[in-house]
Amino acid sequence: MTKRYWNITFEEMMEAGVHFGHDTRKWNPRMAPYISTKHKGIHIINLTQTARFLSEACDLVFDAASRGKQFLIVGTKKKAADSVKRAAIRARCHYVNKKWPGGMLTNWYTTETRLRKFRDLIMEQKTGKLTSLPKRDAATLKRQLSHLETYLGGIKYMTGLPDLVIIVDQQEEYTALRECITLGIPTICLIDTNCDPDLADISIPANDDAIASIQLILNKLVFAISEGRSSYIQNF
């Protein structure tokens, strides 16, 4: 994997509050190597470690994107949902920003069936077929479509398992992470001081509660993905 310069500065990380961890009483001892000190009852994340692992993650996603690989970004808590959607759309990635559907990846056959139904309903709506149905039937299908759009809208065009998954909050998205581990799908995970750094392939120590921190990490990753995609297109 080629190392590149991703312009990750301490100033921007400090400004985004990336260094603020959780209450010292709510920590995972395995995070000790990623913590520099404590201040007023909270752990302070070592930003040198953050920069190192974020840079490694950017290298990884650049290389994957330059080979045409597909990404899934997962972040379902309120503070992350909008940032996840915007970042994914910007980098043309699939995303889940609402409740994770249990078994979405490990039971891919069922997910694929639901996605086909979803795409069929979209087509029926576009062609006006729904309006020709009895009102009650049309209303039922429109409710189904709305539900599918809410929970599967970010993966509606995903035709197979992703090659790499980016997870915003390890604690919140533990089920998604376990599914990736079971299937051997590489993961990049944003981890706060209450997380286990040994679960993901690359763990980026950072504040997972502040919107600015989440946005900064995602922006760096999707920039690297976009750069990799440009490289992929140019090679054709």
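The values are calculated or read from the model by the stated rules, or taken from the named source; none is laboratory data. Please read these numbers as outputs of a predicted model, since none were measured by experiment. Counting neighbours? That spans all protein chains shown, and the Cβs are built from the backbone with ideal geometry, glycine included. We work out accessible area using only protein heavy atoms, side chains counted, and drop any ligands, DNA or RNA first. Shrake-Rupley method; radii C 1.70, N 1.55, O 1.52, S 1.80 Å.
Hey, could you check the range 89-108 for residues that are in contact with a Lys or Arg (Cβ under 9 Å, 6 or more places away or on another chain) and over 26 Å from residue 229 (Cα atoms) and say which is modelled with the highest pLDDT? The residue in question is 106.
Pairs are defined by a Cβ separation below 8 Å, a sequence spacing of at least 6 or placement on different chains, a first member in the range 73-92 that is of a type in the set (Asp, Glu), and a second member that is open to solvent by less than 90 Å² (accessible area, probe 1.4 Å); the pairs so defined are 82/97.
Of all residues in the range 123-142, those satisfying the criterion of being in a helix (DSSP H, G or I) and either surrounded by 14 or more Cβ atoms within 10 Å (Cβ to Cβ) or touching a strand residue (DSSP E or B) at 6+ places or on another chain (Cβ under 8 Å) (or both) are 124, 125, 130, 138, 141, 142.
Looking at 39, 43, 19, which one is more than 20 Å from residue 219 (Cβ to Cβ), in contact with a strand residue (DSSP E or B) (Cβ under 8 Å, 6 or more places away or on another chain) and surrounded by 12 or more Cβ atoms within 10 Å (Cβ to Cβ)? One residue alone meets the criteria, 43. Looking only at residues of the range 109-122 that are in contact with a Lys or Arg (Cβ under 8 Å, 6 or more places away or on another chain) and among the hydrophobic types (A, V, I, L, M, F, W, C), we find that the one that is farthest from residue 79 (Cα to Cα) is 122. Of all the criteria given as (1) farther than 25 Å from residue 117 by Cβ; (2) touching a Gly at 6+ places or on another chain (Cβ under 8 Å); (3) open to solvent by 10 Å² or more (accessible area, probe 1.4 Å), the one not satisfied by residue 168 is (3).
Taken over the range 22-46, residues that are in a strand (DSSP E or B) and not aliphatic (A, V, I, L, M) amount to 7.
For the range 154-165, the criterion of being free of Cβ contacts under 8 Å to residues at least 40 places away in the same chain and either surrounded by 23 or more Cβ atoms within 10 Å (Cβ to Cβ) or touching a His at 6+ places or on another chain (Cβ under 7 Å) (or both) is met by none of the residues.
Determine whether the range 47-65 contains at least one residue that is in a helix (DSSP H, G or I), crowded, with 18+ Cβ neighbours inside 10 Å, of a type in the set (A, V, I, L, M) and in contact with an Asp or Glu (Cβ under 7 Å, 6 or more places away or on another chain). Taking every residue of the range 47-65 in turn, at least one turns out to be in a helix (DSSP H, G or I), crowded, with 18+ Cβ neighbours inside 10 Å, of a type in the set (A, V, I, L, M) and in contact with an Asp or Glu (Cβ under 7 Å, 6 or more places away or on another chain). Any residue at all in the range 1-21 that is assigned to a helix (DSSP H, G or I), small (Gly, Ala, Ser), in contact (Cβ under 8 Å) with a residue 40 or more places away in the chain and closer than 27 Å to residue 99 by Cβ? Yes - at least one qualifying residue is present in the range 1-21. Screening 226, 231 for residues that are surrounded by 15 or more Cβ atoms within 10 Å (Cβ to Cβ), in a helix (DSSP H, G or I) and touching a residue at least 60 places away in the same chain (Cβ under 8 Å) leaves exactly one candidate, 226. For the range 79-118, a tally of residues being within 20 Å of residue 217 (Cα to Cα), open to solvent by less than 10 Å² (accessible area, probe 1.4 Å) and in contact with a Ser or Thr (Cβ under 9 Å, 6 or more places away or on another chain) returns 3.
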